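Just so it is clear, none of the values below were taken in a lab; they were calculated from the coordinates. All values reported here derive from a predicted model rather than from experimental measurement. Here the Cβ positions follow ideal geometry from the backbone for every residue, glycine too, while neighbour counts run over all protein chains shown.
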Ligand SMILES: [Zn+2]
């Protein structure tokens, strides 16, 4: 298919900005938005067309600048650009508070919302937009008396002042530990390839950071407990200032919720989600934990037995099993029981080929055509840029970027960040979406290309699921585009697609040895799946712990909870894994608590129920590469984005209400 003129694709985003440009662009964008709000606030005869439409359009225009600035705060190479991006985020947050507290605008919105006749005449998507906007203002306290509202605004500002440095600290931390080669016994050869060395009192040592490609292999392979422990202690000592920040955040969130008339922050946060009430999410977690207790303790017993026998063989005393032992003994038990060798498996997943193979799966499933852009205008040479088109028509869909390797100062976790939201433009043409996946996968070495452990293959498939949720959403309004669905549903599409990283049919398509090109042997695929099924339930425990912890600190009427102690206590109690007499504060890098996931982390488990139902009752049944099912999925789940309730999308795709049978089966639990 011929590629059309640039104009048909929408403009490319410019990431090349100086700190001064970022600051001045944001000020200008804020000025334009403020002027638009002033005009909306002065409207004397409010209607959908003169209030709601300009509100969404202004927000779309504003976000073109705002998203790029925030994004550069997380990924820019130069520190001064990142700082400017983060400062801009703060300015944007402040301005959002200003906008969301404008009485004149709310009055106009409310007039449209209260106009039953006009509301009844709107399309479902238009009506949904009005309801979303009205609800947003109401939840900002616009129905409160002025003095309470002022108090609320001060609390919100303080929350933003704490969340930004919390996240910045996690991104910018540069924890590192120095180890000798002997101390790193057990690590594969490629771990040392190109690794920085430093003199430590006359001894030359390897520098190991807490970034994923350094941290995870060390925890899984380092034979010496002292090494794993030193690494875990270093990781658990990062960002100490985040502990008091979270402590204050928890009490401020409660104060905010109380001012708005809710008894806990969770009640406020969850009212607009699928779960609706904290009690339902807590019941789900509690039920799951009870079901998982058996399998989890059996698995832990196996790991403990292996550690005991190690101690016995070495003639040492067994001194307990700790948080730094799970990855190491988990790997060894899996290798022994299932004859699984992570090092062997990763030889079949060179990053470039695995990525292309996965993109092929996505483009076939969703009826798309994906083309990599040569010499892309991006923020770092590692970044790849892609165009997405409809497979059989000359229609552009969107742009996405993959920024897959770690760098100093870059966002530390894995995520898909929006750069531009899709929507209809005033002339009837479209604003095309753009999004970026940001990850921290290992680099190539001199001996081999970048190779992905299977866990990272699952992550890549998952994050690409978010990318295509962004690409395939097709809504009229910016505020309803893509991932702006209920937070406890947003993970479901990506979680469903993780299954393709375990499907023999799809692994055969993209798992091939990096040097011989041989496809992954069937026997190896079978072992991989057996090992996964064996550990599936136990592996959920840490997710359940994080979800329960997040609810425990937020679904409370007391702001005085000791967030650090509670994290450690609940981890010890729920996962049976602690740090003994060593003090760490892992909660300081649990970034989810510092943003949109606060009191919503349970959503990862909650949405798994839907993801497995969609997978089992449609794709597994119809065939994972059934194009018609793929298009149903695109039409009913991805395309509507937030333009209707997620439950409605699910019912349309499944042909019935969802249930949890497939989920429980998938983690090896009995179905009632
Ligand atoms: Zn995700």
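Quick notes
- Residue 499 falls short on exactly one of the conditions (1) more than 12 Å from the ligand (Cβ to nearest atom); (2) in a loop (DSSP other than H, G, I, E, B), and that condition is (2).
- In region 48-150, counting only helices (runs of 4 or more DSSP H) that sit wholly within it, the ones holding 3 or more residues that are under 18 Å from residue 34 (Cβ atoms) span 53-75, 79-100, 103-114, 124-139.
- Any hit, region 65-80, residues being closer than 30 Å to residue 115 by Cβ and more than 24 Å from the chain's Cα centre (by Cα): no
- Qualifying residue in region 218-234 (condition: within 19 Å of residue 593 (Cβ to Cβ) and free of Cβ contacts under 8 Å to residues at least 60 places away in the same chain): no
- In region 532-563, the residues that are part of a helix (DSSP H, G or I) and either over 25 Å from residue 251 (Cβ atoms) or in contact with a strand residue (DSSP E or B) (Cβ under 9 Å, 6 or more places away or on another chain) (or both): 532, 533, 534, 535, 536, 537, 538, 539, 541, 542, 543, 544
- If the condition is being more than 32 Å from the chain's Cα centre (by Cα) and not in a helix (DSSP H, G or I), then region 300-323 contributes 314, 315, 316, 317, 318, 319, 320.
- Meets criteria (assigned to a helix (DSSP H, G or I), crowded, with 23+ Cβ neighbours inside 10 Å and in contact (Cβ under 8 Å) with a residue 12 or more places away in the chain) for residue 529: no
- Condition met for residue 154 (closer than 30 Å to residue 247 by Cβ and part of a helix (DSSP H, G or I)): yes
- Checking residue 527 against (1) over 22 Å from the mean Cα position of the chain (by Cα); (2) within 16 Å of the ligand (Cβ to nearest atom), the condition it does not meet: (2)
- Residue list for region 365-388, restricted to those being within 24 Å of residue 509 (Cβ to Cβ) and surrounded by fewer than 15 Cβ atoms within 10 Å (Cβ to Cβ): 371, 372, 373
- Counting residues in region 324-347 that are in contact with a strand residue (DSSP E or B) (Cβ under 8 Å, 6 or more places away or on another chain) and either outside any helix (DSSP H, G or I) or within 15 Å of residue 224 (Cα to Cα) (or both) gives one or more.
- Flag for residue 141 being surrounded by fewer than 17 Cβ atoms within 10 Å (Cβ to Cβ) and either under 30 Å from residue 587 (Cβ atoms) or under 32 Å from the mean Cα position of the chain (by Cα) (or both): no
- Flag for residue 505 being in a loop (DSSP other than H, G, I, E, B), over 22 Å from the mean Cα position of the chain (by Cα), away from the ligand (no atom under 12 Å from the Cβ) and surrounded by fewer than 21 Cβ atoms within 10 Å (Cβ to Cβ): no
- Residue match in region 556-564 (condition: within 30 Å of residue 230 (Cβ to Cβ), surrounded by fewer than 15 Cβ atoms within 10 Å (Cβ to Cβ) and touching a residue at least 12 places away in the same chain (Cβ under 8 Å)): yes
- Those residues of region 182-202 which are in a loop (DSSP other than H, G, I, E, B), surrounded by 12 or more Cβ atoms within 10 Å (Cβ to Cβ) and out of contact with any helix residue (DSSP H, G or I) (no Cβ under 9 Å at 6 or more places or on another chain), in sequence order: 192, 193
- Complete set of residues in region 401-425 that are over 18 Å from the mean Cα position of the chain (by Cα) and either part of a loop (DSSP other than H, G, I, E, B) or within 16 Å of the ligand (Cβ to nearest atom) (or both): 407, 408, 409, 422, 425
- Residue in region 167-178 that is farther than 25 Å from residue 49 by Cβ and over 28 Å from the mean Cα position of the chain (by Cα) present: yes
- Hits in region 564-594 (condition: within 14 Å of the ligand (Cβ to nearest atom) and over 18 Å from residue 540 (Cα atoms)): 591
- Filter result for residue 473 (more than 19 Å from residue 608 (Cβ to Cβ), under 19 Å from the mean Cα position of the chain (by Cα) and within 16 Å of the ligand (Cβ to nearest atom)): yes
- Hey, residue 486 surrounded by fewer than 24 Cβ atoms within 10 Å (Cβ to Cβ) and out of contact with any helix residue (DSSP H, G or I) (no Cβ under 8 Å at 6 or more places or on another chain) or not: no
- Output for region 426-438, where each listed residue is without any contact (Cβ under 8 Å) to a residue 40 or more places away in the chain and more than 16 Å from the ligand (Cβ to nearest atom): 427, 428, 429
- Of all the numbered requirements in (1) free of Cβ contacts under 8 Å to residues at least 60 places away in the same chain; (2) surrounded by 20 or more Cβ atoms within 10 Å (Cβ to Cβ); (3) more than 16 Å from the ligand (Cβ to nearest atom), residue 391 misses one, and that requirement is (2).
- When residues in region 508-526 are screened for being free of Cβ contacts under 8 Å to residues at least 24 places away in the same chain and either in a helix (DSSP H, G or I) or surrounded by 22 or more Cβ atoms within 10 Å (Cβ to Cβ) (or both), 5 of them pass.
- Qualifying positions in region 370-383 - assigned to a strand (DSSP E or B) and free of Cβ contacts under 8 Å to residues at least 24 places away in the same chain: 370, 372
- Residues satisfying the stated conditions in region 439-460, i.e. within 12 Å of the ligand (Cβ to nearest atom) and either at positive phi or surrounded by 23 or more Cβ atoms within 10 Å (Cβ to Cβ) (or both): 460
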